[in-house]
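Peer 1: Starting off with a structure, shown below.
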Amino acid sequence: MKILNYINGVLQAPVNNKYLDNTNPATGEIYGNIPRSDAEDVEAAVMAAKKAFPSWSALSAGQRSNWLLKIAQAIEDRMDELALAESVDNGKPLSLAKAVDIPRARDNFKFYATAVLHDAYETHDMGADGFNYTLRQPIGVAGCISPWNLPLYLFSWKIAPALASGNTVVAKPSEVTPATAYLLSEILRDIDFPKGVLNIVHGLGGEVGASIVEHPDTQVISFTGGTETGKAISKVAAPMFKKLSLELGGKNANVIFNDCDFDEAVKTSVRSSFSNQGQICLCGSRIYVQRGIYDKFKAAFLSRVAGLTVADPLSQTSRMGAIVSKDHFEKVLSYIELAREEGGTILAGGHAVKLEGRCENGYFIAPTVFENLPIGCRTNQEEIFGPVVTLTPFDTEEEALLLANGTVYGLASTVWTTNLQTAHRMAAGLHAGIIWVNCWLNRDLRTPFGGVKQSGVGREGGFEALRFFTEPKNICIKL
Ligand code: NDP
């Protein structure tokens with residue numbers, strides 16, 4: 001697959017004509033090229049977006065909604081092709097891409113196509129003095145930068161609200177997984193989407209991403225990725241007074257109490273640890289289990305982990321596919337080594353997996369479980385973003401809170417208990433933007449999404465995102 005940029009409605013090569021290799025992580029083979037674009041391509045994309053802004057923002061919400069619904073329908077029509085492209089690009093099981101990633105990308109467009117029809121502005125009645133109302137207007141050109149773990153899902157989660165609320169967009173998918181964003185640009189071309197409204201520029205973070213952030217005409221930036229990248233972006237964007245949403249890393253805790261629904265807690269904890277090879281920002285990587293059920297939980301958890309088949313992502317039996325890239329594969333293995341050095345006891349995995357046949361050179365790692373690691377060690381503090389979890393017992397609710405809250409991150413947490421009071425106390429006490437009680441990954445798209453502490457600032461999702469991409473203007477009318 002030869003990938004092209006999509007600027008001003010035209011699929012085009014980068015100005016410098018430079019390309020990067022695109023590797024299939026399940027086979028280790030290079031299977032295509034990605035433009036290594038630079039500031040010149042970003043400049044063209046921003047100019048196209050600027051030019052398209054007056055007409056796009058002047059459309060009614062209903063007209064913009066119709067365009068987004070067309071994109072959603074086209075994603076539906078190309079569902080199988082998109083799922084295959086995502087699996088090959090990212091290494092995730094095809095079944096996961098089909099069941100979760102691509103349907104969710106379609107639903108993101110559908111959700112914002114309809115949400116924008118139901119948003120309302122505030123009015124404040126000041127009695128005899130008149131009234132105030134708030135007009136929310138689109139900002140202009142939005143810069144949207146997304147990571148590799150849920151490529152089209154997270155890409156569309158930013159782009160859809162930005163477009164729905166009347167902005168035009170310059171977007172950069174991760175250079176590691178560009179294929180589905182490229183297919184989206186084919187979709188835009190095929191449905192005659194208005195030129196310049198959404199521009200997709202491929203390339204490296206430090207080049208294309210940095211140029212988008214630095215550009216004086218991208219006054220709003222929505223970024224999802226690692227905390228260190230988020231810091232670098234803030235340094236550039238803050239002095240330019242850009243509006244920023246940063247969805248960053250996590251080190252999420254699962255807290256499991258003695259009185260939980262045991263089977264459900266075990267089953268879901270395995271899923272929340274190892275889905276997408278542990279490469280979901282919401283995966284739990286620190287599992288705290290109350291001492292009364294610790295041994296029983298450990299045995300049941302390990303028995304289920306043993307049943308996770310690491311296999312060719314395209315095979316129907318694959319429950320765990322490849323790690324996204326060679327670099328990331330090596331990073332995850334180095335953390336496994338670190339956990340050993342820090343005195344962790346390996347309960348499962350702890351090694352790369354060598355498959356036979358087509359995938360013999362792929363980047364596979366066995367689901368890995370450690371215990372006996374203290375909260376302060378690097379394994380329990382740093383984001384590994386792979387199939388590696390730690391198990392730790394606790395005694396009291398207070399101790400569970402201290403452990404769960406004991407990192408710089410605060411993205412998500414999961415609590416397992418059948419006691420209503422415990423559930424509410426824990427939900428209030430956990431430092432995280434998202435708390436799941438007796439479930440994982442369930443969410444209503446209308447709710448705000450995001451983390452606290454070093455997991456980010458700002459909120460995406462729901463009506464919050466529509467508002468993020470607008471500038472509120474207060475208008476006071478004297479009667
Ligand atoms: P990175 O931070 O490395 O990259 C994210 C995106 O930013 C990529 O498109 C990247 O391009 C680009 N980028 C890199 N450097 C810069 C820069 N200086 N300026 C502008 N853009 C830049 O994250 P990963 O892609 O490795 O994704 C994994 C991370 O994402 C994890 O930390 C994970 O927790 C987090 N994440 C957070 C989520 C949340 O909602 N909070 C959801 C999903 C993931 P390139 O790929 O070319 O480097």
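The values are calculated or read from the model by the stated rules, or taken from the named source; none is laboratory data. Just so we're clear, the structure is a prediction, and the values are computed from it rather than from any experiment. Please note: Cβ atoms are built from the backbone with ideal geometry, for glycine as well, and neighbour counts cover all protein chains shown. Each accessible area value is taken on the protein alone, full model and side chains, heavy atoms only, with ligands, DNA and RNA left out. Shrake-Rupley method; radii C 1.70, N 1.55, O 1.52, S 1.80 Å.
Peer 1: What tally of residues in the stretch 218-237 results from selecting those that are among the β-branched types (Val, Ile, Thr), more than 6 Å from the ligand (Cβ to nearest atom) and over 13 Å from GLY250 (Cα atoms)?
Peer 2: Going residue by residue through the stretch 218-237, those that are among the β-branched types (Val, Ile, Thr) are 218, 220-221, 224, 227, 229, 233, 236.
Next, from what is left, pick out any that are more than 6 Å from the ligand (Cβ to nearest atom): 218, 220-221, 227, 236.
After this cut, where a residue has to be over 13 Å from GLY250 (Cα atoms) as well, the list is 218, 220-221, 236.
Selection size over the stretch 218-237: 4.
Peer 1: Something else about it: Which of the residues that make up the stretch 275-291 are near the ligand (Cβ under 10 Å from one of its atoms) and either within 18 Å of ASP261 (Cβ to Cβ) or basic (Lys, Arg) (or both)?
Peer 2: none
Conditions (1) open to solvent by 70 Å² or more (accessible area, probe 1.4 Å); (2) within 23 Å of ARG189 (Cβ to Cβ); (3) in contact with a helix residue (DSSP H, G or I) (Cβ under 8 Å, 6 or more places away or on another chain), marked per residue:
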| residue | (1), (2), (3) |
| --- | --- |
| ILE3 | no, yes, yes |
| GLU29 | yes, no, no |
| ALA44 | no, yes, no |
| SER55 | yes, yes, no |
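Peer 1: Of the numbered conditions (1) hydrophobic (A, V, I, L, M, F, W, C); (2) open to solvent by less than 30 Å² (accessible area, probe 1.4 Å); (3) touching a strand residue (DSSP E or B) at 6+ places or on another chain (Cβ under 6 Å); (4) without any contact (Cβ under 8 Å) to a residue 60 or more places away in the chain, ALA352 satisfies every one except a single condition; which is it?
Peer 2: (2)
Peer 1: Return only the number of the condition from (1) in contact with a strand residue (DSSP E or B) (Cβ under 7 Å, 6 or more places away or on another chain); (2) among the charged types (D, E, K, R); (3) closer than 19 Å to GLY350 by Cβ that ARG304 does not satisfy.
Peer 2: Status for ARG304: all satisfied but (1).
Peer 1: If you scan the stretch 212-262, which residues turn out to be in the same structural domain as ILE280 (by TED's automatic domain parsing) and part of a helix (DSSP H, G or I)?
Peer 2: PHE262
Peer 1: Considering the stretch 449-479 alone, what residues qualify as being assigned to a loop (DSSP other than H, G, I, E, B), under 24 Å from TYR112 (Cα atoms) and open to solvent by 10 Å² or more (accessible area, probe 1.4 Å)?
Peer 2: Residues satisfying the conditions are GLY458, ARG459.
Peer 1: Based on this model, can you work out whether ASN17 counts as in contact (Cβ under 8 Å) with a residue 24 or more places away in the chain, farther than 30 Å from VAL310 by Cβ, surrounded by fewer than 21 Cβ atoms within 10 Å (Cβ to Cβ) and over 23 Å from the mean Cα position of the chain (by Cα)? Can you show your working first?
Peer 2: Working: in contact (Cβ under 8 Å) with a residue 24 or more places away in the chain: no; farther than 30 Å from VAL310 by Cβ: yes; surrounded by fewer than 21 Cβ atoms within 10 Å (Cβ to Cβ): yes; over 23 Å from the mean Cα position of the chain (by Cα): yes.
No, not satisfied.
Peer 1: If ALA299 meets every condition in (1) over 26 Å from GLY451 (Cβ atoms); (2) crowded, with 24+ Cβ neighbours inside 10 Å apart from one, which number is that one?
Peer 2: (2)
Peer 1: Return the residues of the stretch 250-264 that are touching a residue at least 60 places away in the same chain (Cβ under 8 Å) and either closer than 17 Å to ALA404 by Cα or within 16 Å of the ligand (Cβ to nearest atom) (or both); say none if nothing qualifies. Don't jump to the end; show me each part of the working.
Peer 2: So the first thing to find is which residues in the stretch 250-264 are touching a residue at least 60 places away in the same chain (Cβ under 8 Å), and the list is 250-257, 259-261, 264.
Once the filter is applied, which keeps residues that are touching a residue at least 60 places away in the same chain (Cβ under 8 Å) and either closer than 17 Å to ALA404 by Cα or within 16 Å of the ligand (Cβ to nearest atom) (or both), the stretch 250-264 yields GLY250, LYS251, ASN252, ALA253, ASN254, VAL255, ILE256, PHE257.
Peer 1: Moving to a separate point now. If I ask for residues that are under 12 Å from SER222 (Cβ atoms) and within 16 Å of the ligand (Cβ to nearest atom), which ones from the stretch 163-194 would you list?
Peer 2: VAL169, VAL170, ALA171, LYS172
Peer 1: Within the stretch 375-404, can you find the residues that are away from the ligand (no atom under 16 Å from the Cβ) and open to solvent by 30 Å² or more (accessible area, probe 1.4 Å)?
Peer 2: Of everything in the stretch 375-404, those that are away from the ligand (no atom under 16 Å from the Cβ) and open to solvent by 30 Å² or more (accessible area, probe 1.4 Å) turn out to be ILE375, GLY376, PRO393, ASP395, THR396, GLU397, GLU398, GLU399, LEU401, LEU402.
Peer 1: Right, another one. Within the set of pairs 6+ apart or on separate chains, which have a first residue in the stretch 1-12 that is among the aromatic types (Phe, Trp, Tyr), a second that is at pLDDT 95 or above and assigned to a strand (DSSP E or B), and C-beta atoms under 7 Å apart?
Peer 2: TYR6/ASN199; TYR6/ILE200
Peer 1: List every residue pair whose Cβ atoms lie under 7 Å apart, where the two residues are 6 or more positions apart in sequence or sit on different chains, the first residue falls within the stretch 219-241 and is open to solvent by 20 Å² or more (accessible area, probe 1.4 Å), and the second residue, located anywhere, is near the ligand (Cβ under 9 Å from one of its atoms) and of a type in the set (D, E, K, R).
Peer 2: Partner pairs satisfying both residue conditions: VAL236/GLU214.
Peer 1: I've got another one for you. Collect the residues in the stretch 90-101 that are among the polar types (S, T, N, Q) and open to solvent by less than 60 Å² (accessible area, probe 1.4 Å), keeping them in residue-number order. Before you say what the answer is, go through the steps one by one.
Peer 2: Residues of the stretch 90-101 that are among the polar types (S, T, N, Q), as a first pass: 90, 95.
Answer for the stretch 90-101, where residues must be among the polar types (S, T, N, Q) and open to solvent by less than 60 Å² (accessible area, probe 1.4 Å): just ASN90.
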